[in-house]
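Remarks on the structure that follows.
The values are calculated or read from the model by the stated rules, or taken from the named source; none is laboratory data. Everything numeric in this text was worked out from a predicted model, so none of it was measured. Please note: Cβ atoms are built from the backbone with ideal geometry, for glycine as well, and neighbour counts cover all protein chains shown.
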Amino acid sequence: MQNLANNSYQVISPARINLIGEHIDYNGGSVLPAAIDLNIKIKIYKRNSNLWKVTSDSQSKDFIRKLNDYSLSSILWHNYIIGVIFEINQIKPKIISGFIARIKSEIPIGIGISSSAALTCGLASGLNKLFNLRLTQFQIINISRNAEHKFAGVKCGFLDQYAVLKSKKNNFLHLNCFNLKLSYIPVNLKDYEFLLLNSNVKHSLSESEYNNRVLETQNGFNIIRKFYPQTPYLCSVSLSEIESIESEFSKKIYKRMLFSVNENNRVNEAVSALKVNDLAKVGKLMYESHKDLNELFEVSCDEINYLVGLSKKSGLVLGSRMIGGGFGGCTLNLIKKVHKEKFIKFISKNYYQKYHLKLEAFAVSISKSLTVRKL
Ligand code: GLA
């Protein structure tokens, strides 16, 4: 085997949920994510060669590149890798020499729990240690977000990268995406837990429609600024301000504006509810969030709406909603532990009957942020 040199590290990088505050991170909104106990593990070593190599147990094609070749690949996960190295090179030029990284992942891809940020933040953190780059956490957050923007073409906000790097066990991270101030909200779920239901649906629309929503909301915000020039960011507008200029927007953009303001308000309500441990209220807000994501922001799909609708009908779930970018993926459910088995049986059976798709269910717990250790 090749000359695997002196130092090596292991990174454990988590997936995330987002309790509420969906699709508002790119408009300065507040979000409530938390890392969960599903991880990508990356072992990373220096190598005396002119190659960068990354292998993954869940992907067939290894990433193998000559040093300083930043050309785009036709394989998406390779582009995340190139993006991270490219972005690091912008800050610390020509330090990253040959390395090999081996990835083992428990995080399903494309289901809305941010496997991509787990990968980009994980790789950036591993390279940081391996090559002693002394990057700050904020630089790693930006490197990962830029990789997503420039190399995967998704104009995402800060939600995922902060969740991966700043989460704390048994806490939600309350992040204001305008000024990036954060605080922690302890969670006491008592006999409840979070359950993810993977619809096994991924619509091809997801990336293009994501970027469309970013554009639509920017357009709406430009209109708001004409009437309320002091407004710093979209989610700081009040409902009455938006209503006062309703006729200035197209119907579609007006819905996007209403959504952004309502969703941001719900985050504040959820924080208050968590502080007094009112889980019923949290659940109610989750259902409301889903309704607006579907009707006003139009980022859900039939299969996910069916799952949320059935969760509500079952009477076994406090709250349910889509999470992440949308157009498929997962629903997040807040459920009493004793009801879990019965609920999974009930919903899987009905879902299969309707869509001939297998539902995957996994209970998750709120976990800590990314860690790096020397091997
Ligand atoms: C994706 C993006 C995030 C965020 C969510 C929706 O996960 O990467 O920045 O916009 O969608 O809330």
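Assess whether L76 counts as being more than 27 Å from G21 (Cβ to Cβ) and of a type in the set (A, V, I, L, M). No.
Of all the criteria given as (1) assigned to a helix (DSSP H, G or I); (2) free of Cβ contacts under 8 Å to residues at least 12 places away in the same chain, the one not satisfied by F86 is (2). Whenever a residue of region 318-331 is among the basic types (K, R), it has no partner that is modelled with pLDDT under 95 and buried (at least 24 other Cβ atoms within 10 Å of the Cβ) lying with C-beta atoms less than 6 angstrom away and at least six residues away or across chains.
Taking region 331-356, which residues are surrounded by 14 or more Cβ atoms within 10 Å (Cβ to Cβ) and in contact with a helix residue (DSSP H, G or I) (Cβ under 8 Å, 6 or more places away or on another chain)? Lay out the reasoning, then the answer.
Filtering region 331-356 down to residues surrounded by 14 or more Cβ atoms within 10 Å (Cβ to Cβ) leaves 331-336, 339-340, 343-344, 346-348, 350-351, 355.
Residues satisfying the conditions are T331, L332, N333, L334, I335, F343, F346, I347, N350, Y351, Y355.
The residue pairs whose first member lies in region 18-33 and is farther than 19 Å from R225 by Cα and of a type in the set (A, V, I, L, M, F, W, C), whose second member is in a helix (DSSP H, G or I) and within 7 Å of the ligand (Cβ to nearest atom), and whose beta carbons are closer than 8 Å, counting only pairs six or more residues apart or on different chains, are V31/D25; V31/L159. G112 fulfils the conditions (1) more than 27 Å from V271 (Cβ to Cβ); (2) outside any helix (DSSP H, G or I); (3) of a type outside the set (A, V, I, L, M, F, W, C) except for a single criterion, (1). Suppose we keep only residues that are farther than 21 Å from K155 by Cα and touching a residue at least 24 places away in the same chain (Cβ under 8 Å) within region 224-253. Which one would you say is surrounded by the most Cβ atoms within 10 Å (Cβ to Cβ)? Going through the qualifying residues, I end up with V237. Selection of region 189-223 for residues being farther than 25 Å from L332 by Cβ, surrounded by 15 or more Cβ atoms within 10 Å (Cβ to Cβ) and aliphatic (A, V, I, L, M) yields only I223.
Is it the case that region 79-90 has a residue that's aliphatic (A, V, I, L, M), buried (at least 20 other Cβ atoms within 10 Å of the Cβ) and in contact with a Pro (Cβ under 7 Å, 6 or more places away or on another chain)? Among the residues of region 79-90, not one is aliphatic (A, V, I, L, M), buried (at least 20 other Cβ atoms within 10 Å of the Cβ) and in contact with a Pro (Cβ under 7 Å, 6 or more places away or on another chain), which makes the answer no. Selection of region 18-37 for residues being touching a strand residue (DSSP E or B) at 6+ places or on another chain (Cβ under 6 Å) and within 10 Å of the ligand (Cβ to nearest atom) yields N18, G21, D25, V31, P33. Scan region 115-137 for residues that are more than 23 Å from G324 (Cβ to Cβ) and part of a helix (DSSP H, G or I) and the total you get is 5. Residue count for region 38-65 under the criterion of being within 16 Å of the ligand (Cβ to nearest atom) and farther than 29 Å from F297 by Cα: the result is 1. Taken over region 261-281, the criterion of being out of contact with any Asp or Glu (no Cβ under 9 Å at 6 or more places or on another chain) and in contact (Cβ under 8 Å) with a residue 24 or more places away in the chain is satisfied by N264, N265, V267, N268, A270, V271, L274, K275, N277, L279, A280.
Yes/no matrix, rows are residues, columns are (1) within 25 Å of F172 (Cα to Cα); (2) within 16 Å of the ligand (Cβ to nearest atom); (3) not hydroxyl-bearing (S, T, Y):
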site: L285; (1), (2), (3): yes, yes, yes
site: S311; (1), (2), (3): yes, no, no
site: G324; (1), (2), (3): yes, yes, yes
site: I335; (1), (2), (3): yes, no, yes
site: V338; (1), (2), (3): yes, no, yes
site: E341; (1), (2), (3): no, no, yes
site: Y355; (1), (2), (3): no, no, no
site: T371; (1), (2), (3): yes, no, no
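For the condition within 25 Å of S8 (Cβ to Cβ), within 16 Å of the ligand (Cβ to nearest atom), in contact with a Ser or Thr (Cβ under 9 Å, 6 or more places away or on another chain) and without any contact (Cβ under 8 Å) to a residue 60 or more places away in the chain, S116 qualifies. The condition of being crowded, with 18+ Cβ neighbours inside 10 Å and either within 16 Å of the ligand (Cβ to nearest atom) or more than 23 Å from N7 (Cβ to Cβ) (or both) does not hold for S125.
Restricting attention to region 150-171, the residues that are under 19 Å from I111 (Cα atoms) and either within 10 Å of the ligand (Cβ to nearest atom) or at pLDDT 95 or above (or both) add up to 12.
Name the residue, out of E288, E263, that is among the acidic types (D, E) and surrounded by 20 or more Cβ atoms within 10 Å (Cβ to Cβ).
Exactly one of E288, E263 is among the acidic types (D, E) and surrounded by 20 or more Cβ atoms within 10 Å (Cβ to Cβ), namely E263.
At least 1 residues being under 22 Å from the mean Cα position of the chain (by Cα) is the threshold, and among the helices (runs of 4 or more DSSP H) wholly inside region 270-375 those reaching it are 279-295, 302-314.
Residue under question is G328, and the condition is that it be farther than 25 Å from I141 by Cβ, within 16 Å of the ligand (Cβ to nearest atom) and either modelled with pLDDT under 95 or not hydroxyl-bearing (S, T, Y) (or both); does it hold? Walk me through it before giving the result.
Values: farther than 25 Å from I141 by Cβ: yes; within 16 Å of the ligand (Cβ to nearest atom): yes; either modelled with pLDDT under 95 or not hydroxyl-bearing (S, T, Y) (or both): yes.
For G328, the condition - farther than 25 Å from I141 by Cβ, within 16 Å of the ligand (Cβ to nearest atom) and either modelled with pLDDT under 95 or not hydroxyl-bearing (S, T, Y) (or both) - is met.
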